[in-house]
Amino acid sequence: MSHDVFPSSSDVAAATADLRERHRQLLASSNGRMRARDAARALGVTEGALLAAWVGDTVTPLRGDCEAILLQVGTLGRVMALTRNAFCVHERKGVYRNLSFGNGIGLAVGEEIDLRLFMKHWRHAFAVVEARGDGVARSLQFFDARGDAVHKVHLLEESDVAAFDRIVETFSAADIVPAFGELGADGVGGRGLPAGFDAEAFRAGWDALRDTHDFNPLLKRHGVHRLDAFEVARGERAARIELRAYREALAAARDQALSIMVFVGNAGCIQIHTGPVHNLKEMGDWYNVLDPAFNLHLLETGIAEAWRVRKPTRDGVVTSLELFDADGRPLMMLFGARKPGKPENGVWREIAESSVDGVAA
């Protein structure tokens, strides 16, 4: 006869104290410059689990009704929205407006903060208040079941601190003990064409697209991974490009004052910047956009594949540049800015098409 063995409260407290101490030592060795995600990885835990170790100190757990919390974020005024994946960070300053939810999908549709939210991945929420330099940094942070960050809201100097305090008071759940899954595989997979895959039918479906939003449903109907789909459609529809071709695209958009769309996301959130880019800067392995309201940080060593993709719509062809990591996860997508009912900007199309030059089809 066997029995499940659960850790005692004293064991949990000891493990938490140990994790805090190791975190303090790590921060001291890096002069406080190590980001939470990197610290968590170095300590062998997820970022959410590391944050949870500081509950009762700098961290307050919030009730898991993430939709209700998000509906209050607009009261904070101007903030910085942050969404990232393993190799790319997207930061956009602005006010959360026009939030709506339905069937597990959320939207925040504003000129500044533009989000697509997939709520089944939003499992844990925290408020964080910590000393930083001569001031205090405040944020709301959301995590999935494993403890990977889905989305963060950082207050700025002009943000409404009283509104932040009201959110914390309303949703505080000090009695919650967050539990996260094991650090390891995150479910990414599904590569390889499924049995019975009909390539001709898939290509015909691609050619019959009338909206870019119909592309993911097409992939699901055929049970095919996005990168496998590109290989099947390789040629006019999709072409491999150099891993750093996106650099030239960003520089050309900057030089021509062209408004573009920059998509970065993870399983739970896609964040979109629409507008021009100005200050492009390489810093070690990172390539960055460092503009007043929009920052992008891309770790180029994480780029494994890059593609130029054409999708037909009722308004004409829409062209994107898409980057992926070694596990086939999307890192970043670039489009020309456009509105429904309007054709793609010819300048953007020329920039995107030029990325294929010199690359074998």
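Values in this text are rule-based calculations from the coordinates and carry no lab data. The model shown is predicted, which means the values in this text are computed figures rather than measured ones. Counting neighbours? That spans all protein chains shown, and the Cβs are built from the backbone with ideal geometry, glycine included.
Overview of results
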| item | result |
| --- | --- |
| Candidates Ala337, Ala42, Ala52, ranked by Gaussian network fluctuation over the chain, Cα under 10 Å, top entry | Ala42 |
| C-alpha center-to-center spacing [the stretch 43-72, the stretch 100-161] in angstrom | 10 |
| Among Ile270, Thr301, Gly316 the positive-end extreme of the charge dipole of the stretch 257-360 (Cβ point charges) | Gly316 |
| Most fluctuating residue given options Gln141, Gln271, Gln72, as computed from a GNM of the chain linking Cα atoms under 10 Å | Gln72 |
| Charge dipole (the stretch 1-134, unit charges on Cβ, about Cα centre) - positive-most of Ile69, Gly106, Gly48 | Gly106 |
| Cα gyration tensor category, rounded, prolate or oblate, for the stretch 287-344 with a/c compared to 1.5 | oblate |
| FRET efficiency, 1/(1 + (r/R0)^6) with R0 30 Å, evaluated for Arg247 and Ser30 via beta carbons | 0.55 |
| Spin-label zone in the stretch 285-314 - amide nitrogen under 15 Å from a point set 7 Å from the Cα of Leu156 along the C-beta vector | 290-296 |
| The chain - percent relative contact order, Cα under 8 Å, separation 6 or more | 16 |
| Electrostatic dipole magnitude of the stretch 251-335 [Cβ: Lys, Arg +1; Asp, Glu -1; Cα centre; debye, to 20] | 380 |
| Rounded, prolate or oblate (a/c below 1.5 giving rounded, otherwise prolate when a/b exceeds b/c) for the stretch 243-361 by Cα gyration tensor | rounded |
| Gyration tensor verdict on the stretch 153-282 (Cα atoms; rounded if a/c is under 1.5, prolate if a/b is larger than b/c, oblate otherwise) | oblate |
| Around Gln25: net Lys/Arg minus Asp/Glu count, Cβ-Cβ under 15 Å | +1 |
| Nearest-0.05 FRET efficiency for Glu350 and His213, computed from C-beta distance (R0 25 Å) | 0.55 |
| Among Ser320, Ser259, Ser100: highest mean-square fluctuation, GNM of the chain, C-alpha pairs under 10 Å | Ser100 |
| C-alpha long axis of helix 9-29 to longest principal axis of the chain, angle in ° | 60 |
| Spatially close lysines, pair count over the chain: Cα under 20 Å, gap of eight or more or interchain | 7 |
| Sum of side-chain charges, Asp291 neighbourhood, beta-carbon under 11 Å (Lys, Arg +1; Asp, Glu -1) | +3 |
| For the stretch 41-47, Karplus couplings with θ = phi - 60° (6.51, -1.76, 1.60), whole Hz, Gly/Pro x | 4, 5, 8, x, 10, 7, 4 |
| Binned Cα-Cα distances of the stretch 85-128, short to long, each 10 Å bin given as a whole percent | 23, 45, 32 |
| Identified option (computed Cα extents along the principal axes in Å; candidates [x] 62, 47, 44; [y] 62, 59, 41; [z] 75, 45, 37) | [y] |
| Phe118/Ala86 FRET efficiency (R0 22 Å; Cβ-Cβ; nearest 0.05) | 0.80 |
